[in-house]
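For reference, the structure is listed below as structure tokens.
The values are calculated or read from the model by the stated rules, or taken from the named source; none is laboratory data. Note that this is a predicted model, so its numbers are computed, not measured. A quick note on method: Cβ atoms are made from the backbone with ideal geometry, for glycine too, and the neighbour counts reach across all protein chains shown. Side chains are part of the model used for accessible areas, which takes the heavy atoms of the whole protein and leaves out ligands, DNA and RNA. Shrake-Rupley method; radii C 1.70, N 1.55, O 1.52, S 1.80 Å.
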Amino acid sequence: MAGTKDGNGNGAAKPVAQRLLATATRLFAEQGYDRTSVQEIVDAAGVTKGALYHYFGSKDDLLHEVYGRVLRLQQERLDHFADADAPVQQRLRDAAADVVVTTIENLDDTKIFFRSMHHLGPEKDKQVRAERRRYHERFRALIEEGQRSGVFAADIPADLVVDYHFGSVHHLGTWYREDGPLSPQQVADHLAELLLRALRP
């Protein structure tokens, strides 16, 4: 992970890690992960291989961080919505809409990762799956809370509802365009409304 090897916490080194990550993201998007070499990344970023390995142990770590930074943002925001002092319908709607907006705002990162995640080593793959599972479990807990209180239909398995919504989220990269007729927020509002309609008793 970026910065994790900077043991003295020196913030001055942070831009180097960010530059490496931005460069790797661009090259992975343009050429594909498997066709991008470490040498190309460091040349384009204007740093040495030593600098890259100071912040990232391998190209594998770079790929993990491309998606990891998005997932950390989404987890933080989901926790915020889930812990809010609001009715469960509003908390679920806010969380469902937010994951759509943040996915669209980071669509290149998300597309790169899902296209290339099979290149991750076993440990990184296991870590990513655990991080995604934690997110989905927190999202599912909101649905189950509403089902227990009678606000949401209890005859629909919560796991199926989660798969329904995130199937739509993961599909965004195949059709969403910045110059299209819908803004990120409009797409988010529509998908969140579809989710809530599916859960109405």
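Annotations for the structure displayed:
- Cα centroid separation, region 12-80 to region 122-201: 27 Å.
- Rolling a 1.4 angstrom probe over the protein heavy atoms with all chains in place gives the chain an accessible area of 52 Å² per residue.
- Relative to the dominant Cα principal axis of the chain, helix 158-170 is inclined by about 50°.
- Between helix 88-105 and the chain there is an angle of about 30 degrees, using the helix long axis and the longest principal axis of the Cα atoms.
- In a fully extended conformation the segment linking residue 134 and residue 83 would gain 16.8 nm over its present Cα-Cα distance, using 0.36 nm per residue.
- For the chain, with all protein chains in place and a probe radius of 1.4 Å, 50% of the accessible heavy-atom surface sits on carbon or sulfur.
- Residue 174 sits among other residues whose Cβ lies under 13 Å from its own Cβ, and their net charge, with Lys and Arg +1 and Asp and Glu -1, is +3.
- Helix axis angle, 107-116 relative to the chain longest principal axis, alpha carbon, degrees: 80
- Alpha-carbon spread of the chain, three principal axes, descending order, Å: 59, 39, 30
- Restricting the GluC sites (Glu not before Pro) of region 124-195 to loop positions (DSSP other than H, G, I, E, B) with no more than 12 neighbouring Cβ atoms within 10 Å leaves 178.
- Most to least packed among 119-130, 59-70 [average Cβ atoms within 10 Å]: 59-70, 119-130
- Here is the P(r) of region 13-57: all C-alpha pair distances, binned every 10 Å from 0, give 31, 59, 10 in whole percents.
- Of the residues 118, 54, 165, the one that moves most in a GNM of the chain with alpha-carbon contacts below 10 Å is 118.
- Leading residue at positive end of dipole, region 47-201 (Cβ point charges), from 87, 50, 191: 50
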